[in-house]
Ligand SMILES: C[C@@]1(CC(=O)O)c2cc3[nH]c(cc4nc(cc5[nH]c(cc(n2)[C@H]1CCC(=O)O)[C@@](C)(CC(=O)O)[C@@H]5CCC(=O)O)C(CC(=O)O)=C4CCC(=O)O)c(CCC(=O)O)c3CC(=O)O
Ligand SMILES: NC(=O)C1=CN([C@@H]2O[C@H](COP(=O)(O)OP(=O)(O)OC[C@H]3O[C@@H](n4cnc5c(N)ncnc54)[C@H](O)[C@@H]3O)[C@@H](O)[C@H]2O)C=CC1
């Protein structure tokens with residue numbers, strides 16, 4: 001079986017600066033993906049034209065700045081993450097060379113070979129978040145998996161998580177005792193779930 005060697009992480013987008021180049025359909029998709037996960041994400045967008053929807057989304061997001069001009073290399077200053085979403089492949093290649101030199105992690109829409117990271121399909125249920133990757137093989141299948149899991153996981157997951165947190169905060173004892181109690185508690189939840197189905 002082939003292996004997916006991608007390493008998943010969950011980034012705190014409010015802690016650093018993201019640059020998005022392109023404000024068309026693909027730019028809008030990427031900006032939506034960033035803001036749906038974190039409305040406070042710090043994002044500078046550079047494009048010479050924008051879809052109205054992109055402008056609307058940016059206006060309702062306090063830490064998004066739209067810049068109305070073509071990309072300049074200085075835009076990379078003080079950026080830790082870059083997403084390229086223009087219709088200009090040559091420009092993407094040029095920018096990627098520079099971001100590699102600068103060590104800035106870069107996603108290039110529609111060009112997996114130039115990407116340092118991929119965006120995942122994200123299941124969100126309150127504090128629970130599940131990222132899905134098909135190793136770039138089928139974004140559409142990733143989307144379907146997300147829809148399936150969103151329906152399968154009940155909304156009550158949030159109160160379960162809240163209760164777990166309250167219980168966890170109250171637990172006394174050393175690390176291994178706490179671990180044992182939490183493991184026992186959650187294993188009985190899974191058994192109950194199996195019986196209920
Ligand atoms: C490699 C990757 C790199 C990256 O973009 O990060 C990539 C690459 C490409 N996408 C393409 C097309 C489409 N992408 C989508 C949708 C999504 N694509 C996303 C991620 C990824 N897309 C990364 C791999 C993720 C993985 O491992 O599975 C999602 C999950 C996350 C997000 O983008 O936010 C989001 C679903 C979000 C959701 O709804 O849950 C749809 C469907 C739709 O929009 O309904 C289509 C059209 C149908 C189709 O082609 O399947 C093309 C061909 C373009 C062309 O034909 O020219 C390429 C390039 C190529 O494959 O060569
Ligand atoms: N629309 C879609 O869902 C899909 C698009 N694609 C491909 O993805 C690419 C982008 O598609 P769209 O977003 O629909 O295109 P678009 O034409 O809607 O948007 C292109 C964006 O790039 C910006 N741009 C171009 N040159 C620039 C520069 N030098 N500096 C800064 N910004 C610049 C433009 O201002 C515009 O905001 C195209 O190559 C398209 O073929 C592929 C699959 C699906």
**Study point:** Residue count for region 56-91, restricted to those that are within 11 Å of ligand 2 (Cβ to nearest atom) and within 21 Å of the chain's Cα centre (by Cα)
**Key:** 4
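State whether one or more residues within region 156-169 are loosely packed, with under 13 Cβ neighbours inside 10 Å, part of a loop (DSSP other than H, G, I, E, B), within 16 Å of ligand 2 (Cβ to nearest atom) and at pLDDT 90 or above. Spell out how you get there, then give the answer.
From region 156-169, those loosely packed, with under 13 Cβ neighbours inside 10 Å are 156, 159, 162-163, 165-169; that's our starting set.
If we keep only those that are part of a loop (DSSP other than H, G, I, E, B) as well, we get 156.
When the remaining residues are screened for being within 16 Å of ligand 2 (Cβ to nearest atom), the result is none.
Checked region 156-169: no residue is loosely packed, with under 13 Cβ neighbours inside 10 Å, part of a loop (DSSP other than H, G, I, E, B), within 16 Å of ligand 2 (Cβ to nearest atom) and at pLDDT 90 or above.
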Exercise for review: Output the number of residues of region 104-130 satisfying the condition of being within 13 Å of ligand 1 (Cβ to nearest atom), in a strand (DSSP E or B) and surrounded by fewer than 18 Cβ atoms within 10 Å (Cβ to Cβ).
Suggested key: 5
Exercise for review: Quick one: which residue in 39, 8 is more than 12 Å from ligand 1 (Cβ to nearest atom) and surrounded by fewer than 21 Cβ atoms within 10 Å (Cβ to Cβ)?
Suggested key: 39
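So which residues in region 73-102 are closer than 17 Å to residue 50 by Cα and either outside the structural domain of residue 115 (by TED's automatic domain parsing) or part of a loop (DSSP other than H, G, I, E, B) (or both), if there are any at all? Explain how you work it out, then say what you get.
Initial filter on region 73-102 (closer than 17 Å to residue 50 by Cα): 83-88.
85, 86, 87, 88, listed by residue number.
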Study note, to complete from the structure: Going through (1) loosely packed, with under 13 Cβ neighbours inside 10 Å; (2) under 24 Å from residue 20 (Cα atoms) one by one, residue 148 fails only at (2)
Check your understanding: Is there a residue being exposed (fewer than 13 other Cβ atoms within 10 Å of the Cβ) and either touching a residue at least 40 places away in the same chain (Cβ under 8 Å) or not in a loop (DSSP other than H, G, I, E, B) (or both) anywhere in region 53-60?
Key -> yes
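Quick one: would you say residue 51 is within 16 Å of ligand 1 (Cβ to nearest atom), touching a strand residue (DSSP E or B) at 6+ places or on another chain (Cβ under 7 Å), farther than 22 Å from residue 95 by Cα and in the same structural domain as residue 87 (by TED's automatic domain parsing)? If you could, list the steps in order and put the result at the bottom.
Details: within 16 Å of ligand 1 (Cβ to nearest atom): yes; touching a strand residue (DSSP E or B) at 6+ places or on another chain (Cβ under 7 Å): yes; farther than 22 Å from residue 95 by Cα: yes; in the same structural domain as residue 87 (by TED's automatic domain parsing): yes.
Here the answer is yes, as residue 51 does meet what is asked.
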Exercise for review: Give the residues of region 14-33 that are under 22 Å from residue 124 (Cα atoms) and free of Cβ contacts under 8 Å to residues at least 40 places away in the same chain, sorted by residue number.
Suggested key: 15, 28, 31, 32
Point to revise | Scope region 93-103; condition closer than 24 Å to residue 8 by Cβ and surrounded by 19 or more Cβ atoms within 10 Å (Cβ to Cβ); matching residues | key: 96, 99
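Before we move on, is residue 30 out of contact with any helix residue (DSSP H, G or I) (no Cβ under 8 Å at 6 or more places or on another chain), in the same structural domain as residue 111 (by TED's automatic domain parsing) and away from ligand 2 (no atom under 14 Å from the Cβ)?
In short, no.
The values are calculated or read from the model by the stated rules, or taken from the named source; none is laboratory data. Model, not experiment: these values are computed from the prediction. Cβ atoms come from the backbone with ideal geometry, glycine included; neighbour counts cover every protein chain shown.
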